[in-house]
Amino acid sequence: MANAIEISNLTKSYGKNRGVIDVSLKVSQGDIFGFIGPNGAGKSTTIRSMLGFLKFEAGEIKILGMDSVKQHEEILKNVGYMPSEAWFYNSMKVADVIKYAADVRGLDCSAEAGKLCERLKVDTGKKIKELSLGNRKKVSIVCAMQHKPKLFIFDEPTGGLDPLMQKHFFELINEYVNEGATCLLSTHVLSEVNKYCKNAAIMRDGRLTMLDSPKIDDDTFLSFYED
């Protein structure tokens, strides 16, 4: 099976501050891959490097068979990315934010967006400034999913979502993956990895450790967070 993500010996430094060191990772097409680690471990740096948002010192990254540096724009057309922080213009209505995200791609995503808003109970008539953190997250999920990308990259997507919305979110992921998509899930929530992910890796201190199985116990998980 082909790989949706191939990272070879990625290194990105921030001077005295830690970045990522010699990270290599493969994610097969059709996988739901758990990307785990404490804050500052290097998960977001790895993701931003994958998407071409950061220049890195060494290594090579291929996304959907494309070079992350040379084919940056083409990659972004085929990726649905949800950052950990959902930033929008506060004065915009939810419906306008979702449509703007589609217009930037030159696509009409109204049918898929409507389905997603119904499943996630998104109130499209409200302004962003009226929304709670959880409801902002739901808007961000819709923006990442509505164009039905080949690869989803979610960075801490379920923070602020109530348990029912978390369930709906993972149901949607499974539906898209069953249709041929791939998902990289960056999360702190061990139960999500154990329940939904097919494979997983843990980042710590800028280095990556592949796991033999995504089913890991609390003690093993916590050991990666301890000094």
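The values are calculated or read from the model by the stated rules, or taken from the named source; none is laboratory data. Note that the coordinates shown come from a computational prediction; the quantities given were computed from them, not determined experimentally. Positions of Cβ are generated from backbone atoms using ideal geometry, with glycine treated the same way; all protein chains shown enter the neighbour counts.
Restricting to region 188-213, name every residue that is within 16 Å of Phe170 (Cα to Cα) and assigned to a loop (DSSP other than H, G, I, E, B). Passing the criteria: His188, Val189, Cys197, Lys198. Return a yes/no flag: does region 69-91 have any residue that is of a type in the set (Lys, Arg) and in a loop (DSSP other than H, G, I, E, B). So far as region 69-91 goes, yes, one or more of its residues are of a type in the set (Lys, Arg) and in a loop (DSSP other than H, G, I, E, B). Screening region 176-187 for residues that are at pLDDT 95 or above and in a strand (DSSP E or B) and picking the one that is nearest to Gly30 (Cα to Cα) gives Thr182. Residues in region 53-63 that are surrounded by fewer than 20 Cβ atoms within 10 Å (Cβ to Cβ) and assigned to a loop (DSSP other than H, G, I, E, B): Phe53, Leu54, Lys55, Glu57.
Considering only residues in region 82-131 that are of a type in the set (A, V, I, L, M) and touching a strand residue (DSSP E or B) at 6+ places or on another chain (Cβ under 9 Å), the one that is nearest to Met165 (Cα to Cα) turns out to be Met82.
Within region 5-20, residues that are at positive phi reach partners that are modelled with pLDDT of 85 or more and among the polar types (S, T, N, Q) with beta carbons closer than 6 Å, at six or more positions or on different chains, in the pairs Asn9/Ser24.
Which residues, counting only those in region 131-156, are surrounded by 20 or more Cβ atoms within 10 Å (Cβ to Cβ) and among the hydroxyl-bearing types (Ser, Thr, Tyr)? If the condition is that a residue be surrounded by 20 or more Cβ atoms within 10 Å (Cβ to Cβ) and among the hydroxyl-bearing types (Ser, Thr, Tyr), then Ser140 is the only one that fits. Of Ile7, Ile21, Ile36, Ile32, all but one fail to be touching a Cys at 6+ places or on another chain (Cβ under 6 Å) and either of a type in the set (A, V, I, L, M) or under 20 Å from Asp205 (Cα atoms) (or both); the exception is Ile32. Among the conditions (1) surrounded by fewer than 18 Cβ atoms within 10 Å (Cβ to Cβ); (2) of a type outside the set (S, T, N, Q); (3) within 21 Å of Pro157 (Cβ to Cβ), Gly34 misses just one, which is (1). Among residues of region 173-195 that are under 15 Å from Ala144 (Cα atoms), those with a beta-carbon under 6 Å from a residue that is aromatic (Phe, Trp, Tyr) and surrounded by 20 or more Cβ atoms within 10 Å (Cβ to Cβ) at least six positions away or on a different chain give the pairs Cys183/Phe152; Leu184/Phe33; Leu184/Phe35; Leu185/Phe154; Ser186/Phe35. Determine, yes or no, whether Val104 is touching a helix residue (DSSP H, G or I) at 6+ places or on another chain (Cβ under 9 Å) and among the aliphatic types (A, V, I, L, M). Spelling it out, it is not the case that Val104 is touching a helix residue (DSSP H, G or I) at 6+ places or on another chain (Cβ under 9 Å) and among the aliphatic types (A, V, I, L, M).
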